[in-house]
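Heads up: the structure comes next, in structure tokens.
The values are calculated or read from the model by the stated rules, or taken from the named source; none is laboratory data. Bear in mind that the values here come from a model prediction, so they are computed numbers and not experimental data. Cβ: placed from backbone, ideal geometry, glycine included. Neighbour counts: every protein chain shown.
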């Protein structure tokens, strides 16, 4: 976490973006005295090492600082945006896991046949598609041409928060969630397919066939239980790519989550907000990888220390 914070801070310091110029925008009436006052107020007049140590000491006390562009505590902004991002990433994560698992099992059962080749082709295409391109394509088709879904934002424009219904939120969430989930299906599909093929070619499956078990009985009694947990483990390790994909998806759909807020903070040089989101996202990715490691250890005892 400390290494990540140092690297992020150095990259922000090397950025060509001037936080003062980004803050005032096109206001050319800013005098040198006002600029110096802003630099002193934000602590930009101090050496970079001193700025970092000040930020780190405040963070260790639970103070993430105050956003320069929003003029609010970073913690409050993260709490507001995290709800929208959690809904987007949670739905996308579940959809990609379930659909990918079903496609992987189907491809393995139909190994070498047309359906298997088609599913593999779809998975390779999904793994190659950039998030922003897919999002724009879905916008053009379903929002511009068919007008089935709104172009962006998480709620209808011109409606107060008390009037927004659950259906309104879900309606605005469909395209961003679909974009993000499609990109996560490929890994689960291909991994599940290979694992299921390995299971179906094992000796105990041959013995099950000799006992007269049908294909469905073999998949249900022997295949799914041996494939499900490895697929879940892989999917938890997908947290890092999930957050990275959400940044692009939120930008394309103007979805007000942590991803779009992170981009805005970076483009405007808002160091406290940027560093706060980076730290939270690091915890998020670390949690996913830790869960994946724990599941791996529980599934495969040989991975446990000392075994």
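Filtered by the rule that a residue be crowded, with 22+ Cβ neighbours inside 10 Å, in contact with a strand residue (DSSP E or B) (Cβ under 9 Å, 6 or more places away or on another chain) and at pLDDT below 90, the range 65-108 gives a lone residue, 67.
The residue list 199, 174 contains one member that is assigned to a helix (DSSP H, G or I) and either outside the structural domain of residue 87 (by TED's automatic domain parsing) or more than 18 Å from residue 87 (Cβ to Cβ) (or both), which is 199. The residue list 133, 148, 121, 167 contains one member that is surrounded by fewer than 14 Cβ atoms within 10 Å (Cβ to Cβ), at pLDDT below 85 and in the same structural domain as residue 86 (by TED's automatic domain parsing), which is 167.
The residues of the range 257-276 that are free of Cβ contacts under 8 Å to residues at least 24 places away in the same chain and buried (at least 24 other Cβ atoms within 10 Å of the Cβ) amount to a single one, 262. Checked against (1) at positive phi; (2) without any contact (Cβ under 8 Å) to a residue 40 or more places away in the chain, residue 65 passes all but condition (2). When residue 191 is tested against (1) surrounded by 19 or more Cβ atoms within 10 Å (Cβ to Cβ); (2) closer than 24 Å to residue 84 by Cβ, exactly one condition is not met: (2). Whether any residue in the range 203-216 is crowded, with 18+ Cβ neighbours inside 10 Å, farther than 18 Å from residue 286 by Cβ and touching a residue at least 40 places away in the same chain (Cβ under 8 Å) is what I want to check. No, the range 203-216 contains no residue that is crowded, with 18+ Cβ neighbours inside 10 Å, farther than 18 Å from residue 286 by Cβ and touching a residue at least 40 places away in the same chain (Cβ under 8 Å).
Among the residues of the range 103-110, some residue qualifies, meaning at least one is more than 25 Å from residue 261 (Cβ to Cβ) and not in a helix (DSSP H, G or I). Considering only residues in the range 101-119 that are free of Cβ contacts under 8 Å to residues at least 12 places away in the same chain and within 28 Å of the chain's Cα centre (by Cα), the one that is nearest to residue 229 (Cα to Cα) turns out to be 102.
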